[in-house]
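Working notes for the structure below.
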Amino acid sequence: MSTELEIERKFLVEMPDLALLDVRRSAHIRQTYLENGDGGSQRRVRMVTENGTVRYIYTEKVFYTAVTRKETEFDIGREEYERLLERPREGGVPIEKDRICFFYKEQLFELDAYPFSEDLAILELELSRPDQEIVFPPEIKVLREVTGMEEYSNAALALAGAFPDEPVSCG
């Protein structure tokens, strides 16, 4: 089990050509939000498929600011994952995404691509301090920072099935 302070910023970006990035790993994630925990902590479970291997992960977050949170995360078994799925957040819809991890100038970026958009993605970067300078690869076109914007949270994206102000795909 790991518990740590997480400092993270998120950006809405145009989907880049992945062949131009220093991709280190990629995984398919099915993420389901659970009923909130003690003190209003956010709880979720993930089924992560990477290189044919499936992992189940439980995460609990306590938000201090839009950028800073305490995160506790650990692997669980399939039976525990399925048991937890029986207590989803009210109105919660699972979200599917492909996470592509790549390095640029000693920074590990995580790009989340969603099945409802071929053109847009969310780029995340964990930082060592909130005011850390970020250097984006030239292949990444940042449209806007969405850190702390609820409408760009995975829970909101799952429910909407689209990015805000983007038409919902019918196909």
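Any read-out appearing in this document is the output of simple, stated calculations on the displayed coordinates, not a laboratory observation. Small disclaimer: the values here were computed from a predicted structure and weren't measured. Here Cβ is always computed from backbone atoms with ideal geometry, including for glycine, and neighbour counts include all displayed protein chains.
Run through region 1-94 and list the GluC sites (Glu not before Pro) located in a DSSP loop whose Cβ has at most 13 other Cβ atoms within 10 Å. Intermediate values should be presented prior to the final figure.
Working: sites: Glu4, Glu6, Glu8, Glu14, Glu35, Glu50, Glu60, Glu71, Glu73, Glu79, Glu80, Glu82, Glu86, Glu90; in loops: Glu35, Glu86, Glu90.
When the GluC sites (Glu not before Pro) of region 1-94 are filtered for loop state and at most 13 Cβ neighbours within 10 Å, Glu35, Glu86, Glu90 remain.
Taking a ≥ b ≥ c as the square roots of the eigenvalues of the Cα gyration tensor of the chain, is the shape rounded (a/c under 1.5), prolate (a/b larger than b/c) or oblate?
Details: a/c = 1.42, a/b = 1.27, b/c = 1.12.
Rounded, because the longest to shortest axis ratio a/c is under 1.5.
Can you tell me the dipole magnitude for the chain around its Cα centre, using point charges on the Cβ only (Lys, Arg +1; Asp, Glu -1), in Debye to the nearest 20?
Values: 22 positive and 35 negative charges, 61 e Å.
That gives the chain a dipole magnitude of about 300 debye.
What number, in percent, do you get for the relative contact order of the chain if the mean sequence gap of Cα pairs under 8 Å and at least 6 apart is divided by its residue count?
Over the chain, the number comes to 31 percent.
Decide, for region 1-85, between rounded, prolate and oblate: order the square roots of the alpha carbon gyration tensor eigenvalues as a ≥ b ≥ c, take rounded if a/c falls under 1.5, and otherwise choose prolate if a/b is larger than b/c, else oblate.
oblate
Along the positive direction of the dipole of the chain (beta-carbon charges: Lys, Arg +1; Asp, Glu -1; about the Cα centre), which of Thr68, Thr32, Gly148 reaches farthest?
Looking along the dipole axis, the top candidate is Thr32.
Ordered by residue, what ³J(HN,Hα) values in Hz, to whole numbers, does region 62-72 give under the Karplus form 6.51 cos²θ - 1.76 cosθ + 1.60, where θ = phi - 60° and Gly and Pro are x?
Residue by residue, region 62-72 yields 10, 8, 9, 9, 4, 9, 10, 8, 9, 10, 10 Hz.
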